[in-house]
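J.: Below you'll find the structure I mean.
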Amino acid sequence: MLKKEKKEKAKKDTEESQDEPDDTRKKLSYNEKRELDQLIKDIEKFEARKEVINQNFNNTDLPFDDIKKLSAELGEILRQLEIKRQDGLNWLKERKI
């Protein structure tokens, strides 16, 4: 998902949550906001690196050794992304947001 799409979805979700009664929404503490912001930044960082690697794969002159290194890095990035996304889901569930 592109950054623009993520921001639009977050904005839409925020607008929808503002329509709900105040008693169903929980206000985040300062530390919770920081945790959430850090999760988002980490995911965006991994997504950006994944995109760069995928663009490098389009280079037909890329040496085999570079392809191996990029493939290994991409595998690790995908693993980290899955972990961060799961952490985010767990974080939201714990806080019932």
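J.: Most exposed first by the Cβ proxy, i.e. fewest other Cβ within 10 Å, how do Ile40, Ile77 rank?
T.: Fewest to most other Cβ atoms nearby, the residues stand as Ile40, Ile77.
J.: Please arrange Leu92, Leu39 by how many other C-beta atoms lie within 10 Å of their C-beta, fewest to most.
T.: Leu92, Leu39
J.: Pairs Lys27/Lys96; Lys50/Lys96; Lys50/Lys84; Lys41/Lys84; Lys45/Lys84; Lys26/Lys96: which exceed 19 Å Cα-Cα?
T.: Lys50/Lys96
FYI, it's all coordinate maths here, none of it is from the lab. If you're wondering where the values come from, they're calculated on a predicted model, not measured in any experiment. Virtual Cβ from ideal backbone geometry, glycine too; neighbours counted across all protein chains shown.
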